[in-house]
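Q: One structure is given below, represented as structure tokens, and several questions about it will come after.
The values are calculated or read from the model by the stated rules, or taken from the named source; none is laboratory data. This one's a predicted model, so the numbers in the text were calculated from it and none came from an experiment. Cβ placement follows ideal geometry from the backbone for every residue including glycine, while neighbour counts extend to all protein chains displayed.
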Amino acid sequence: MTEYEPILNNIKKYVELDDKDEKQFVSIIRKSRIRKRQFIVQPGYVCSHQTYVVKGAFRSYFVNDEGIDHTIQFAIEDWFISDFNSYITQTPASLFIEALEDSLIHQIEYNQVENLCSINQKFEHFFRIVAQKSFAFAQRRVLSNLNKTAEERY
């Protein structure tokens, strides 16, 4: 098993990839080891990457004006995490994303993803599907928050 097989298998759930496609994608991945409690995104800084969790766990959250933090998402192995609003609009982030344990991640930079999508329709298709699924999940969560008690949600 190659070190990139998990992320490639994730993509292959949605699109077929040949060897050339795989090499194109792997060429834009930046591997990193992250320590527990280390931040990969912080408010005020533009989130220029999406992060795929190879090993470990992360939490994204924001802190309100009263200093109370609110969890937005958890990400475990084989999940992507980012401040997607910051990433998509290339504006300063509003979320913290913190490692909950020592982790291994693959990160892909915004400009490299945009370039890859412009030259390979398979990746344009993949990232569109991922964005649509993320939007649908976010909508379900908002509706759940509006319609259910905290006890019913959890």
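Q: Looking at F80, F62, F123, which is the one that is within 26 Å of L8 (Cβ to Cβ) and touching a Ser or Thr at 6+ places or on another chain (Cβ under 7 Å)? Walk me through it before giving the result.
A: Working: F62 fails: within 26 Å of L8 (Cβ to Cβ); F123 fails: touching a Ser or Thr at 6+ places or on another chain (Cβ under 7 Å).
Criteria check complete, one pass: F80.
Q: Looking at this structure, is I105 under 11 Å from the mean Cα position of the chain (by Cα) and of a type in the set (A, V, I, L, M)?
A: yes
Q: Determine the pairs where a residue that is closer than 17 Å to Q73 by Cβ, located within segment 142-154, has a partner that is modelled with pLDDT under 70 with Cβ atoms under 8 Å apart, the partner being 6 or more residues away or on another chain.
A: Cβ pairs passing all conditions: S144/R153; N145/R153.
Q: To continue, here is another question. What's the total number of residues in segment 18-55 that are within 18 Å of Q112 (Cα to Cα) and touching a helix residue (DSSP H, G or I) at 6+ places or on another chain (Cβ under 8 Å)?
A: 13
Q: Could you tell me whether segment 57-64 includes any residue that is among the β-branched types (V, I, T) and touching a helix residue (DSSP H, G or I) at 6+ places or on another chain (Cβ under 9 Å)?
A: no
Q: Between a residue in segment 1-20 that is in contact (Cβ under 8 Å) with a residue 12 or more places away in the chain and at negative phi and any residue that is part of a helix (DSSP H, G or I) and hydroxyl-bearing (S, T, Y), which pairs come within a Cβ distance under 9 Å, given they are 6 or more apart or on different chains?
A: The qualifying pairs do not exist here.
Q: Only one of (1) exposed (fewer than 11 other Cβ atoms within 10 Å of the Cβ); (2) modelled with pLDDT of 95 or more is not met by N147, so which one is it?
A: (2)
Q: Here is a follow-up. Among the numbered criteria (1) among the aliphatic types (A, V, I, L, M); (2) closer than 25 Å to Y4 by Cβ; (3) within 15 Å of the chain's Cα centre (by Cα), which single criterion is violated by I72?
A: (2)
Q: Give segment 116-134 a look and list any residue that's free of Cβ contacts under 8 Å to residues at least 60 places away in the same chain and surrounded by 11 or more Cβ atoms within 10 Å (Cβ to Cβ), or say none.
A: C117, E124, F127, R128, A131, K133, S134 - these are the residues of segment 116-134 that are free of Cβ contacts under 8 Å to residues at least 60 places away in the same chain and surrounded by 11 or more Cβ atoms within 10 Å (Cβ to Cβ).
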